[in-house]
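K.L.:
The structure under discussion is supplied below as structure tokens; questions concerning it will follow.
The values are calculated or read from the model by the stated rules, or taken from the named source; none is laboratory data. These numbers were taken from a predicted model, which means no experiment stands behind them. Counting neighbours? That spans all protein chains shown, and the Cβs are built from the backbone with ideal geometry, glycine included.
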């Protein structure tokens, strides 16, 4: 008679279970922030108007495309750690530090809001980094480093647009 295995029993990544779960929880917050920022950026892409329409429309498209790829990388890392990735609006709303856009701000306000939100994602990623570092989870640390670098650069570019 075979004994039913715990779903994590065979998952030996060299990371303690409590550390692995804490990292996955942090990555779930990062996923929620990233997805919410994706949705907001796509919304602003659709609704931007004014003299900078063409430049901002194109910039926002570049940004939401990058974010769409990022959510997949983050979710797949959560799965590689053996945990389920959140994937509903209600889960993202509960986990995210990014507030959804419920109106259509002026173009300059869109840029300012997105710059602030990019930095919020940086802070979320940075908050997870010590967990990955303590667990010697180099793949997660690498992912977090890349995400921080991209979001810091994007925030700078958005701020530069404001002058």
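K.L.:
Does residue 105 count as surrounded by fewer than 18 Cβ atoms within 10 Å (Cβ to Cβ) and either modelled with pLDDT of 95 or more or closer than 23 Å to residue 11 by Cβ (or both)?
P.N.:
yes
K.L.:
Taking the conditions exactly as written (surrounded by fewer than 17 Cβ atoms within 10 Å (Cβ to Cβ) and under 25 Å from residue 135 (Cβ atoms)), does residue 51 satisfy them or not?
P.N.:
No: the conditions fail for residue 51.
Residues checked against (1) part of a loop (DSSP other than H, G, I, E, B); (2) touching a helix residue (DSSP H, G or I) at 6+ places or on another chain (Cβ under 6 Å); (3) under 25 Å from residue 162 (Cα atoms); (4) touching a residue at least 12 places away in the same chain (Cβ under 8 Å):
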site	(1), (2), (3), (4)
76	no, no, no, no
91	no, no, no, yes
103	yes, no, yes, no
111	no, yes, yes, yes
131	no, yes, no, yes
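K.L.:
Every residue in segment 54-90 that is within 19 Å of residue 156 (Cβ to Cβ) and crowded, with 17+ Cβ neighbours inside 10 Å, please.
P.N.:
56, 59, 60, 63, 64, 67, 70
K.L.:
Among the residues of segment 58-74, which ones are out of contact with any helix residue (DSSP H, G or I) (no Cβ under 6 Å at 6 or more places or on another chain) and either closer than 17 Å to residue 160 by Cα or in contact (Cβ under 8 Å) with a residue 40 or more places away in the chain (or both)?
P.N.:
Answer for segment 58-74, where residues must be out of contact with any helix residue (DSSP H, G or I) (no Cβ under 6 Å at 6 or more places or on another chain) and either closer than 17 Å to residue 160 by Cα or in contact (Cβ under 8 Å) with a residue 40 or more places away in the chain (or both): 58, 59, 62, 66, 73.
K.L.:
OK, next. When you scan segment 133-163, how many residues do you find that are assigned to a helix (DSSP H, G or I), under 27 Å from residue 16 (Cβ atoms) and either in contact with a strand residue (DSSP E or B) (Cβ under 6 Å, 6 or more places away or on another chain) or in contact (Cβ under 8 Å) with a residue 24 or more places away in the chain (or both)?
P.N.:
7
Here's the yes/no breakdown for (1) surrounded by fewer than 21 Cβ atoms within 10 Å (Cβ to Cβ); (2) at pLDDT below 95; (3) touching a helix residue (DSSP H, G or I) at 6+ places or on another chain (Cβ under 6 Å):
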{"site": "119", "(1), (2), (3)": "yes, no, yes"}
{"site": "125", "(1), (2), (3)": "no, no, yes"}
{"site": "128", "(1), (2), (3)": "no, no, yes"}
{"site": "139", "(1), (2), (3)": "yes, no, no"}
{"site": "153", "(1), (2), (3)": "yes, no, no"}
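K.L.:
Within segment 16-43, how many residues turn out to be over 14 Å from the mean Cα position of the chain (by Cα) and either surrounded by fewer than 21 Cβ atoms within 10 Å (Cβ to Cβ) or free of Cβ contacts under 8 Å to residues at least 12 places away in the same chain (or both)?
P.N.:
Residues flagged as over 14 Å from the mean Cα position of the chain (by Cα) and either surrounded by fewer than 21 Cβ atoms within 10 Å (Cβ to Cβ) or free of Cβ contacts under 8 Å to residues at least 12 places away in the same chain (or both) within segment 16-43 amount to 8.
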